[in-house]
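The values are calculated or read from the model by the stated rules, or taken from the named source; none is laboratory data. Small disclaimer: the values here were computed from a predicted structure and weren't measured. In this analysis, Cβ positions are derived from the backbone assuming ideal geometry, glycine residues included, and neighbour counts consider all displayed protein chains.
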């Protein structure tokens, strides 16, 4: 997984269950922040269940690695799994594990099929075929309004899971799209399963759910302090002006 430091920034405050949704696929222990290596056990309530998993972010299927014994995690890993059994199939479940060190900031994990980010034709994080040769590389893939399906997890420094759900992600911003690290918007939609992120992402605010938020690359402050914009807006907070709320966060791809 690629690790970087970003700001979690407020953007917009604001189905029917299938057979797969009602089928349990259990990770023990669940994803989170741990102080030592863990051994992850996968199980399903499907009769004669066969579980398959991936470790590279791709969506698992019957052609993926078959689960036969606990999965050892000693540093950082993301496990995606699916169960097939008599009478049904589970939905894909994703859990991220951080066993490398203690964290003093929230941790966000973005997991998606690698092609969604890095494919030359359709990846939102690469230049692709038609980019200009100079910054901000107009015509590059990341300038298109493409939204990709991803699993999004957020963990508090205490290890508490804030949320773990499927959502949409896309590159956000203007000139900063051409920087090596790009801002991403993260949005909940019906078609991904949930309409909102039901968690008080910004504890100082009264709101306890959000439609979307931004993982921000610091824009014009990229490569420097990474918190200048947040610092300036917080200075204006006592005036009553509308400002963006923020939290510094550690982000993993």
In the stretch 83-111, anything touching a strand residue (DSSP E or B) at 6+ places or on another chain (Cβ under 6 Å), farther than 20 Å from residue 37 by Cα and in a strand (DSSP E or B) is listed as 83, 84, 93, 110, 111
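Can you tell me which of 62, 96, 104, 122 is exposed (fewer than 14 other Cβ atoms within 10 Å of the Cβ) and closer than 24 Å to residue 216 by Cα? Talk me through it step by step, then tell me what you get.
On the way: 62 fails: closer than 24 Å to residue 216 by Cα; 96 fails: exposed (fewer than 14 other Cβ atoms within 10 Å of the Cβ); 122 fails: exposed (fewer than 14 other Cβ atoms within 10 Å of the Cβ).
Of the residues listed, the single one that is exposed (fewer than 14 other Cβ atoms within 10 Å of the Cβ) and closer than 24 Å to residue 216 by Cα is 104.
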Just one of (1) buried (at least 18 other Cβ atoms within 10 Å of the Cβ); (2) at positive phi; (3) in contact with a helix residue (DSSP H, G or I) (Cβ under 6 Å, 6 or more places away or on another chain) trips up residue 218, so point out which.
-> (3)
Would you mind telling me which numbered condition in (1) modelled with pLDDT of 95 or more; (2) surrounded by 19 or more Cβ atoms within 10 Å (Cβ to Cβ); (3) within 16 Å of the chain's Cα centre (by Cα) residue 81 fails?
-> (3)
Contacts under 9 angstrom Cβ, first residue in the stretch 51-74 being under 20 Å from residue 149 (Cα atoms), partner surrounded by 15 or more Cβ atoms within 10 Å (Cβ to Cβ) and at pLDDT below 95, 6 or more apart | 57/1; 57/253
Kindly list the number of the only condition in (1) over 20 Å from residue 184 (Cβ atoms); (2) under 21 Å from the mean Cα position of the chain (by Cα) that fails for residue 45.
-> (2)
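Let's see how each residue does on (1) surrounded by 20 or more Cβ atoms within 10 Å (Cβ to Cβ); (2) at pLDDT below 95; (3) closer than 22 Å to residue 215 by Cα; (4) touching a helix residue (DSSP H, G or I) at 6+ places or on another chain (Cβ under 7 Å):
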{"position": "45", "(1), (2), (3), (4)": "no, yes, no, no"}
{"position": "71", "(1), (2), (3), (4)": "no, no, no, no"}
{"position": "139", "(1), (2), (3), (4)": "no, no, no, no"}
{"position": "151", "(1), (2), (3), (4)": "yes, no, yes, no"}
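Please work out if residue 117 is part of a loop (DSSP other than H, G, I, E, B), modelled with pLDDT of 95 or more and within 19 Å of residue 217 (Cβ to Cβ).
Values: part of a loop (DSSP other than H, G, I, E, B): no; modelled with pLDDT of 95 or more: yes; within 19 Å of residue 217 (Cβ to Cβ): yes.
Against the criterion (part of a loop (DSSP other than H, G, I, E, B), modelled with pLDDT of 95 or more and within 19 Å of residue 217 (Cβ to Cβ)), residue 117 does not qualify.
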Taking the condition modelled with pLDDT of 95 or more and closer than 25 Å to residue 104 by Cβ, does residue 166 pass?
-> no
